[in-house]
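So the structure is just underneath, and the comments pick up after that.
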Amino acid sequence: MKRKRKFFVADKAPLLGGSKMCHEGVGGGFQCAGYHKPTPGPSEEGSIIALVPPTTTCHKRLHSFATRHILALTTAILLSAGAQALPNFILINTDDQGYADTGAYGAKDFETPHLDQMAREGIRFTNFYCPANACSPSRAALMTGSYPVRVGIPHVLGPSKSRPDKPAVGLNPDEITIAEVLKTKGYATACVGKWHLGDIPKFLPTNQGFDSFFGLPYSNDMWPKHPTAKHFPDLPLMEGTKVLEVNPDMNQLTTRYTERALSFIQNNAKRPCFLYLAHSMPHVPLGVSDKFRGKSKQGMYGDVIMEIDWSVGEIIRTLKELGIDDNTMIIFTSDNGPWLSYGDHAGSALPLREGKGTTWDGGHRVPCIVRWPGQIPAGQVSDAMVANFDFLPTIATRASAAAPSDRIIDGKDLWPILRGESNVTPHDVFFFYRGPQLVAVRRGPWKLHLPHPYRSLDGEGGTGGTPVKYIQRKTPQALYNLDDDIGEKNDLLALHPDIVAELQTRISNFKETMKQEARPTGEV
Ligand SMILES: [Ca+2]
């Protein structure tokens, strides 16, 4: 058994059938005749009427019998309702989809009708951050509710086969993922799509709380067909810990992932389930099925996003058909900003500055839409500063599950904001890392950058799936007011020395405490 399990209080009162409900002691003195049938679960409703009646005709005893069995019936119904009330969670995380890359966030030349509908029926965040500007660390934060540096994943992970002389690295199995939190409540869990938190069995989703895994262990460009790097091994498409095939057809990935996602939802319609659907798209190399090829005015990138949008629509349609739409929270977001060096095969973060791989907002701020009919009021737009690591505590609370309490979790429960009861950020500050280096912080509208190099483009990005080379630029220490200057253009450092000093102190303090608190990377 994995060591981490001990940190949870065992759920000793299962909601579904199996425990016996004897009423001896309720009301006192009466021997319940025959009611030792296991308490029915939701799928057994009605069986509770098959009680064996008492043999006595004593009025007092009859009354006592009736009272006790009304109590029993009430308890069973409550338990049943409680079990059914455990919500489903569908967490859709796309790859490198930029802040502007859905209709509701200003996309041009392609449409995302299902995502736009999802936003109209739920809440859309305009200050939603990834705690990293690249794949692995962003996913580490999402899965653990913690800053990537805290869980030892500050960098993008490559295939372990590419570095056979070094230890395999991944998210430490001692970390507790959203899936593991939900497992304590009996959830069915599936990871479909890109994992990117370690590619050997010890680090794969099936050892991090997921019942199943279908997808890629890392990025889809880490393969022999990479346009510039030639050292990558064959790219495995995996089922659990087994390789199904190598170098899969990119054009079919979104469709195949969606089919798996729908099957999982259908197969688990009668029990609480958690689906983590991590699309490989729109990370390069782009791929799109014939259903959407040539459908957008923007080119292949637009086609790809339209297919992801279709996938969202299929999921919501399926939930409605199964009658579980109003018991399901769907989250749609991306892991970091657009990979701008790929030009026409990259998205857009406009009006934000720069993109993936930088600590400008274009690298970290992404779309996020959350929908749960009847629970999350429709039509909300929130500018509260929130982050992907908030979903672990948010989901845990909604599932009546315990978030890890033996370790620091950076995320906060977003439920008051999702409910529309508050629009106050739960984060006094939010930190921006460049790999393992803390180089920027935001507090309220103020974002302070420490001096650091960053990658940028000198002119246009690439075309047709081939990137141009980045150039290196440097920012001096700089202060921006994001409320007035979303594009981080007007440096106000000289005007606000007090704010600068305060933010510098925040960075220094967090760096120091993190040195003591950071937990180990997984290594084999
Ligand atoms: Ca990414």
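Starting from the Kirkwood Rh over alpha-carbon pairs, what translational D in µm² s⁻¹ does segment 362-441 have by Stokes-Einstein at 10 °C and 1.306 mPa s? Before the final figure, lay out the partial values.
Numbers: Rh = 14.2 Å.
It comes out at roughly 112 µm²/s.
Any idea what % of Cα-Cα pairs in segment 117-202 are farther than 21 Å?
Details: 1527 of 3655 pairs.
More than 21 Å apart: 42 percent of the Cα pairs in segment 117-202.
Quick one: pull the percent of accessible area on segment 135-270 belonging to carbon and sulfur, 1.4 Å probe, ligands and nucleic acids left out. Could the numbers behind the result be given before it?
Details: 2280 of 4480 Å².
Here it works out to 51 percent.
Could you check the simple spin-label distance between Asp428 and His155, using points 7 Å along Cα→Cβ, in nm with one decimal?
3.3 nm
Distances longer than 18 Å among the Cα atoms of segment 160-299: what percent of all pairs is that?
Everything past 18 Å amounts to 59 percent.
Please compare each pair in Lys469/Lys515; Lys194/Lys242; Lys297/Lys320; Lys108/Lys225; Lys230/Lys469; Lys447/Lys489 to a cut-off of 23 Å on the Cα-Cα distance and tell me which ones are over it.
From Lys469/Lys515; Lys194/Lys242; Lys297/Lys320; Lys108/Lys225; Lys230/Lys469; Lys447/Lys489, over 23 Å: Lys469/Lys515; Lys297/Lys320; Lys108/Lys225.
What span do the alpha-carbon atoms of segment 450-500 cover on each of the three principal axes, reported in whole Å from largest to smallest?
Extents along the principal axes: 47, 21, 13 Å.
For a Förster distance of 25 Å, can you work out the FRET efficiency between the beta-carbons of Arg293 and His226, rounded to the nearest 0.05?
That gives a FRET efficiency of 0.65.
Report the paramagnetic label zone for Thr463: residues of segment 266-309 whose backbone N is under 17 Å from a point 7 Å from Cα along the Cα-to-Cβ axis.
Hits in segment 266-309 for Thr463 at 17 Å: 298-302.
Cα convex hull of segment 408-448: mean projected area in nm², to one decimal? Don't skip to the end; give the middle numbers.
Working: hull surface 14.9 nm².
Average projection, Cα convex hull of segment 408-448: 3.7 nm².
Just how large is the dipole of segment 172-312 about the Cα centre, in debye to the nearest 20, putting +1 at every Lys and Arg Cβ and -1 at every Asp and Glu Cβ? Write down the numbers at each step before the final one.
Numbers: 15 positive and 15 negative charges, 57 e Å.
The dipole magnitude comes to about 280 debye.
Along the Cα→Cβ direction, 7 angstrom out, place labels at Leu492 and Thr126. What is the inter-label distance in nm?
Calculated label separation equals 1.7 nm.
What number comes out for accessible area per residue over segment 165-216 if the probe is 1.4 Å? Units Å², please.
22 Å²
Find out how many positive minus negative residues lie around Ser382, taking Lys and Arg as positive, Asp and Glu as negative, among other residues whose Cβ is under 13 Å from that of Ser382.
-1
Specify which residue in the list Leu171, Pro217, Tyr187 is farthest towards the positive end of the charge dipole of segment 138-250, using unit charges on the beta carbon of Lys, Arg (+1) and Asp, Glu (-1), about the Cα centre.
Value computed over the given set: Leu171.
Rule-of-thumb check for segment 421-512: C-alpha Rg over 2.2 N^0.38 Å?
Numbers: Rg = 15.7 Å, N = 92, 2.2 N^0.38 = 12.3 Å.
Ratio of Rg to 2.2 N^0.38 Å for segment 421-512: 1.28.
Given +1 on the Cβ of Lys and Arg, -1 on the Cβ of Asp and Glu, and no further charges, what dipole in debye does segment 358-443 carry about its Cα centre, rounded to the nearest 20?
140 debye
Straight-line reach from Lys356: which aspartates and glutamates have a Cα under 17 Å away, not including same-chain ones fewer than 8 places off?
Hits, sequence-local ones excluded: Asp95, Asp96, Asp101, Asp221, Asp335, Asp344, Asp458, Glu460, Glu488.
Amide H to amide H under 5 Å from Asn88: which residues, 5+ apart in sequence or cross-chain, H placed 1.01 Å off N in plane?
Cys273, Thr328, Met329
Between segment 270-307 and segment 418-454, what's the alpha-carbon centroid distance in Å?
One Cα centre to the other: 29 Å.
Could you state, as a whole-number percent, how many of the C-alpha pairs of segment 247-316 are farther apart than 20 Å? Don't skip to the end; give the middle numbers.
Working: 732 of 2415 pairs.
Beyond 20 Å sits 30 percent of the P(r) for segment 247-316.
The values are calculated or read from the model by the stated rules, or taken from the named source; none is laboratory data. Here the structure is a predicted model, which means the values were calculated and not measured. Please note: Cβ atoms are built from the backbone with ideal geometry, for glycine as well, and neighbour counts cover all protein chains shown. Ligands, DNA and RNA are excluded from the accessible area calculation, which covers all protein heavy atoms including side chains. Shrake-Rupley method; radii C 1.70, N 1.55, O 1.52, S 1.80 Å.
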